[in-house]
Amino acid sequence: MGDGESERFQYLQTLVTEFQDTDSVVSPLNCSEAKEQVLANLANFAYDPRNFSDLRKLQVLDLFLDMLTEGNENLVEFGLGGLCNLCLDKTNKSHILDSGGLKLVINCLSSRREETVLSALTTLMFLCTAASRTEVTAPAVVECMVRFSLSTNRRISNLATIFLQDYCSDKQVQEAKELSQHSALGIPLPESTQHPI
């Protein structure tokens, strides 16, 4: 490990420790904000493949997965954003799938937050493998994508359309369309927050 790599690892380790220690050293009012800031930093580091090995050693993938069930929508958004950045790597993808991450990501499709839904859509596509395809294209997911494809939100409708074209059979799409006509239940559309149409 060169000096630069060693310094990067130490910095990432400091961020992880800071995230874990926030509860005990920061007042409850500022705790949530401090955790969000650290998690956003870690998600940004997940963009760079040079950091993948260090992030795995520091168990940041598990930290991101844990965030997907948090009540704080910012933590969910940043955790999912971090996973989205990491999951194109084969080792990271395997870890996420082996850890039950697919179900957690699918659950995030029901978020009312646009950025979270966009990350969930993208992450689902990245996590699709021969072994995971059945779960990625389960009827409830495909039905959700059919409804998303009709959304007035261009970013969501475009991604959902790509998902339907690239990952689903015509039969799956047709069955999902029939299902959505007969069902008032399902995954709700997110609110458009930052990107007006």
- Could you say whether any residue in the stretch 123-133 is at pLDDT below 95 and not hydroxyl-bearing (Ser, Thr, Tyr)? no
- Query: Looking at Asn74, is it touching a residue at least 12 places away in the same chain (Cβ under 8 Å), of a type outside the set (Lys, Arg) and closer than 12 Å to Leu39 by Cα?
  - Reply: yes
- Message: Please list, ordered by residue number, the helices (runs of 4 or more DSSP H) wholly in the stretch 43-152 having 2 or more residues that are closer than 27 Å to Gln20 by Cα and of a type in the set (D, E, K, R).
- Response: 52-57, 60-67, 73-86, 90-98
- Can you pull out the residues in the stretch 154-184 that are within 20 Å of Asn107 (Cβ to Cβ), surrounded by 14 or more Cβ atoms within 10 Å (Cβ to Cβ) and modelled with pLDDT under 95? Ala176, Leu179, Ser180
- So Ser149 fits all but one of (1) crowded, with 16+ Cβ neighbours inside 10 Å; (2) touching a His at 6+ places or on another chain (Cβ under 9 Å); what number is the exception? (2)
- Hey, among the residues in the stretch 17-72 that are among the β-branched types (Val, Ile, Thr) and either over 26 Å from Leu88 (Cβ atoms) or surrounded by 17 or more Cβ atoms within 10 Å (Cβ to Cβ) (or both), which one's modelled with the lowest pLDDT? Val26
- Message: Please pick out the residue among Val117, Val136 that is crowded, with 18+ Cβ neighbours inside 10 Å, within 27 Å of Ser53 (Cβ to Cβ) and at pLDDT 95 or above.
- Response: Val136
- Note on the structure: Per the list (1) more than 21 Å from Thr137 (Cα to Cα); (2) in contact with a helix residue (DSSP H, G or I) (Cβ under 6 Å, 6 or more places away or on another chain); (3) β-branched (Val, Ile, Thr), residue check on Thr116 breaks on (1)
- Of the numbered conditions (1) in a helix (DSSP H, G or I); (2) modelled with pLDDT of 90 or more; (3) surrounded by 12 or more Cβ atoms within 10 Å (Cβ to Cβ), Glu5 satisfies every one except a single condition; which is it? (2)
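The values are calculated or read from the model by the stated rules, or taken from the named source; none is laboratory data. Just so we're clear, the structure is a prediction, and the values are computed from it rather than from any experiment. Don't worry about glycine lacking a Cβ; one is built from the backbone with ideal geometry, like all the others, and counts go over all protein chains shown.
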